[in-house]
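A.B. asks: Below is a structure I'd like to ask you about.
The values are calculated or read from the model by the stated rules, or taken from the named source; none is laboratory data. Just so it is clear, the structure is predicted and the values come from calculations on it, not from any experiment. Glycine also receives a Cβ, built like all others from the backbone with ideal geometry; neighbour counts cover every protein chain displayed.
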Amino acid sequence: MTVELKYLTLVTALTALIWIPYILNTVMVRGLVDAVGYPENPKSLAPWASRMKKAHYNAVENLVVFAALVLVAHVLNVRGEATAMACIIYFWTRLVHLIAYTFGIPWVRTLAFTVGFGCQLTLILKILG
């Protein structure tokens, strides 16, 4: 497995697991029946859980772009130090983004997102270059 595919797998696994803590909070706050149902006036989640849910949506949206780029690069046999580092850094920026978003650390969240976007741009440039 290439470094790029390994980190795509790690990013995917992280994204796949983010829902668990905020769903547990949903059950704790609303109870099981309202958590799995559609209550008319649902109780609010804890602030951290609401932010984590938003971070999860952001992770899913960005996974689509990242996965497509990694897979296109793989099919075209575009790999090297720059693509490997871009994928490694992307994983860590997504983890930092999740933590910063969940705990409400705005500048760190924005910086992590921006660096992750830079990693996506690196992959684009390597594919098109």
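A.B. asks: Looking at the structure I just gave you, is Phe103 touching a residue at least 24 places away in the same chain (Cβ under 8 Å), under 25 Å from Trp19 (Cα atoms) and buried (at least 16 other Cβ atoms within 10 Å of the Cβ)?
C.D. replies: Working: touching a residue at least 24 places away in the same chain (Cβ under 8 Å): yes; under 25 Å from Trp19 (Cα atoms): yes; buried (at least 16 other Cβ atoms within 10 Å of the Cβ): no.
So Phe103 does not fit the description; no.
A.B. asks: Out of the helices (runs of 4 or more DSSP H) lying entirely within region 1-112, which hold 2 or more residues that are under 13 Å from Leu123 (Cα atoms) and modelled with pLDDT of 95 or more?
C.D. replies: Result: 3-17, 47-75, 81-102.
A.B. asks: Oh, and also: Could you tell me which numbered condition Ile124 fails, if it satisfies all but one of (1) within 22 Å of Ile18 (Cβ to Cβ); (2) in a helix (DSSP H, G or I); (3) not hydroxyl-bearing (Ser, Thr, Tyr)?
C.D. replies: (1)
A.B. asks: Any idea how many residues of region 69-87 are among the hydrophobic types (A, V, I, L, M, F, W, C) and loosely packed, with under 13 Cβ neighbours inside 10 Å?
C.D. replies: 2
A.B. asks: Right, here's the next one. Which condition breaks for Val78 when tested against (1) within 15 Å of the chain's Cα centre (by Cα); (2) closer than 17 Å to Lys6 by Cα?
C.D. replies: (1) is the only condition that Val78 fails.
A.B. asks: Inside region 1-53, can you point out the residues that are exposed (fewer than 13 other Cβ atoms within 10 Å of the Cβ), over 15 Å from the mean Cα position of the chain (by Cα) and without any contact (Cβ under 8 Å) to a residue 40 or more places away in the chain?
C.D. replies: Met1, Leu24, Leu32, Val33, Val36, Gly37, Tyr38, Pro39, Glu40, Asn41, Lys43, Ser44
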